[in-house]
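Report on one structure; see the data block that follows.
We did not get these values from a lab; they are worked out from the coordinates using the rules stated. The structure displayed is predicted, hence computed values, not measured ones. Ideal geometry is used to build each Cβ from the backbone, glycine not excepted, and the neighbour counts take in all protein chains shown.
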Amino acid sequence: MRAPRARPTIVSTASADSEDTMDTAIVERSTARYAKAIEASKRVRWEIDKDVIRGRQFDTARKYMPDRLAKIELFSFANKDEKRFISQIQGRTYSNMFGMIERYIGAKILEVTRGHALGDQVVVESLVRFTDEELKHQELFRRLETMMAPAMPKGYTFLPQPNDVANAVLSKGTWAVLALTCHIELFTLDHYRQSIDRDPEVSELWKDVFKYHMMEEAQHAVLDEMEWQREDTRVTPAQREQGVTDLIDLVAAVDGLLQMQAAADADYFMTVNSRQLAKDEIDALRTGFLKAYRWQYIVSGVQNERFLQILGAMLSPKQLERITTALAPIM
Ligand SMILES: [Fe+2]
Ligand SMILES: [Fe+2]
């Protein structure tokens with residue numbers, strides 16, 4: 001995590017004439033990016049039933065989570081059927097995780113939108129569309145759970161409660177919440193492009209869900225970036241320092257949820273699997289689920305090049321070092 005320190009400028013209050021002209025140009029460039037997000041949002045807009053589900057059901061003969069994201073190589077003890085089942089458990093959790101995360105994201109973007117309410121109406125429209133899309137995504141992931149549940153043996157539980165998680169996340173400062181959000185939206189794009197789209201054995205329906213999701217998330221990632229940078233121009237150095245602390249706390253809280261769900265999913269596997277696992281296989285199963293979830297929801301995102309560029313431009317080497325040190329046990 002090293003990048004030259006350069007303060008991002010989206011809105012400035014400088015008063016000299018030449019600076020005014022420069023600031024106007026920056027604001028216009030920024031408005032153009034928001035306008036572009038609206039245009040893309042309208043172009044890719046989809047409906048849950050008509051475009052994504054199209055009357056299909058999940059085919060349990062197929063995998064859900066692609067091998068690369070599922071870290072399937074860690075489950076070398078498992079036979080082909082067991083690996084497919086592990087991929088289906090992870091795929092169900094992946095869908096539920098997004099349904100859960102998007103509760104807080106929608107609420108946060110709603111709050112951020114209020115700050116623009118009487119300002120640039122292009123910005124307002126782009127953010128209203130963002131929130132509207134996250135509401136639709138939550139509905140999509142709730143639907144998915146009702147479709148995946150009957151196709152799998154009973155006993156699966158998704159433990160994190162969306163509103164509990166949202167309240168915990170939203171108790172932190174805006175700088176850190178937008179940082180976490182930008183990280184999530186960026187890894188969503190990476191996951192689809194680098195893994196989900198490339199695995200030919202993944203269920204077509206499951207793949208389509210994350211394809212359509214990614215198409216709208218691409219605009220969210222741009223908007224997150226601009227809103228996070230805007231927030232960064234408003235905070236004092238002390239507030240930014242607190243933002244780093246909050247971000248570290250948020251990542252630790254995410255890791256707590258992952259440990260809980262990884263344990264629940266490993267237990268579910270063992271309860272319904274037809275063969276009893278040996279002690280070393282149980283250890284590998286538990287470690288495998290946790291490592292896979294950490295990769296999916298933390299590690300893959302903090303390795304995203306764009307995320308590192310944005311973060312690196314905002315923070316001092318010492319602040320970046322704090323984050324790197326905090327992440328070390330998870331990485
Ligand atoms: Fe979403
Ligand atoms: Fe999103």
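Descriptive notes on the structure:
- Shape of the range 181-265, Cα gyration tensor, a/c cut at 1.5: oblate
- Using θ = phi - 60° and Karplus 6.51 cos²θ - 1.76 cosθ + 1.60, couplings along the range 116-121 (whole Hz; Gly, Pro as x): 9, 3, 9, x, 5, 6
- Estimated inter-spin distance, Ala326 and Ala149, nm [label 7 Å along Cα→Cβ]: 3.6
- Alpha carbon centroid spacing (whole Å) that separates the range 238-294 from the range 205-221: 24
- Karplus-derived 3J(HN,Hα), 6.51/-1.76/1.60, for each residue of the range 38-50, Hz, glycine and proline x: 5, 4, 5, 4, 5, 5, 9, 2, 10, 10, 4, 7, 5
- Karplus-derived 3J(HN,Hα), 6.51/-1.76/1.60, for each residue of the range 302-312, Hz, glycine and proline x: 6, 9, 5, 4, 5, 4, 5, 5, 5, 4, x
- Mean residue ellipticity at 222 nm, helices only, the chain: -23500 deg cm²/dmol; runs of at least 4 DSSP H residues each add -39,500 (n - 2.57), and the sum is divided by the number of residues.
- Once the C-beta distance of Leu159 and Glu305 is scaled by a Förster radius of 30 Å, the resulting FRET efficiency is 0.40 to the nearest 0.05.
- Reduced Cα scattering model of the range 197-320, Debye log10 I(q)/I(0), q = 0.17, 0.20, 0.23 Å⁻¹: -1.09, -1.25, -1.36
- Peptide packing: for 54-62, 186-194, 255-263, 272-280, the average count of neighbouring Cβ atoms within 10 Å per residue gives the ranking 186-194, 255-263, 54-62, 272-280, highest mean first.
- Rounded to the nearest 20, the size of the Cβ-charge dipole of the chain about its Cα centre is 720 debye, with Lys and Arg at +1 and Asp and Glu at -1.
- Distance cut-off 31 Å, percentage of C-alpha pairs in the chain lying past it: 34
- Short-range pairs are left out: with C-alpha atoms under 8 Å and at least six residues apart, the relative contact order of the range 25-149 is 32 percent.
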